[in-house]
1. Report, to the nearest whole %, how much of the accessible area of the stretch 1-160 belongs to carbon and sulfur atoms, 1.4 Å probe, protein only.
2. Which entries of K152/K174; K139/K181; K17/K228 show an alpha-carbon separation above 19 angstrom in the structure shown?
3. For the stretch 161-244, which whole-number percentage of the solvent-accessible area (1.4 Å probe, protein heavy atoms only) is attributable to carbon and sulfur atoms?
4. In whole angstrom, note down how far apart the Cα centers of the stretch 190-213 and the stretch 153-169 are.
5. Write down the accessible area per residue of the stretch 122-177 in Å², having rolled a 1.4 Å probe over the full set of protein chains.
6. Accessible surface of E115 in the full protein assembly, 1.4 angstrom probe, to the nearest 10 Å²?
7. Could you give the accessible area per residue of the stretch 60-103, probe 1.4 Å, as a whole number in Å²?
8. Among all the aspartates and glutamates, which ones have a C-alpha under 12 Å from K112's C-alpha, if same-chain residues fewer than 8 places away are not counted?
Amino acid sequence: MPPPAVTRTGLARALSKLGFCSRSRAAELIRMGKVSVNRVVRKNPEFPVVLGQDILVMDDVSINQERHVHVMLNKPRGLVTSASDELGRDTVFTCFEGARLPHLSPVGRLDKASEGLLLFTNDNAWADTITNPDTHLDKTYHVQIEGRVDEKHLARLQRGVEDEGEHLSAKAVKILRTGEKNTWLEFILDEGRNRHIRRMLDAFGIEVLRLVRVKIGALELGNLPKGKWRELTRNEVARMRAPAAPRR
């Protein structure tokens, strides 16, 4: 039998996959002559390499596979979920300033006005498990709204609405507590569209005051302070790898 085919990856993409830096930053470093492959400097970002076999070095420091890192952040309101923003707005990566972490990417998103549990990793396979729509991983949100709602409102929210050609619904909705002028609701979604909950509530003329994601699958935000982050335990990482139960 012929030997198995060797998979080659462009050098810039390889550095990104290894969690060293973004692909665009890797291309800059390569063109500057800072990266060598098997002791030979290569200035072509598309130079083919074999991950796990070729020796990659940047300024005399090995940049072969780093350990996988899995992080949770309690995202504050007002930050954009991206590495950089063309409008100059602050991003979630300001929360990691000064931390000695490899290049991480967000797993999913929270919009600028939303808060709560946001995951980051350099483990692409783990991230794909969480974001794959086929897994239908439950995500739990606590939402403060203007005014009060009753059981009829809850039933209509759970049935969902049509908005911009999409059917938006919730797996479950319940009242957490009610004040004189506002109400806290709990939404559980097993799919996520852009601004999913906000669009649902807007369809009923309900104003969102706060929206906080508190749980993804079995992983809870807990008492992590706002703007702070921590690495996940091995057990937490493993539990998130487990496939969700099939939908009935």
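1. Numbers: 4270 of 8920 Å².
The C+S portion of the solvent-accessible surface of the stretch 1-160 is 48 percent.
2. Going by Cα-Cα distance, K139/K181; K17/K228 fall outside the 19 Å limit.
3. Summing carbon and sulfur atoms, their accessible area is 44 percent of the total for the stretch 161-244.
4. 10
5. 58
6. Estimated to the nearest 10 Å², E115 gives 10 Å².
7. Numbers: 2610 Å² over 44 residues.
Result: 59 Å² per residue.
8. Straight-distance partners of K112: D85, D90.
The values are calculated or read from the model by the stated rules, or taken from the named source; none is laboratory data. None of these values were measured; they are calculated from a predicted model. Protein only, heavy atoms only, side chains kept; ligands, DNA and RNA dropped before computing areas. Shrake-Rupley method; radii C 1.70, N 1.55, O 1.52, S 1.80 Å.
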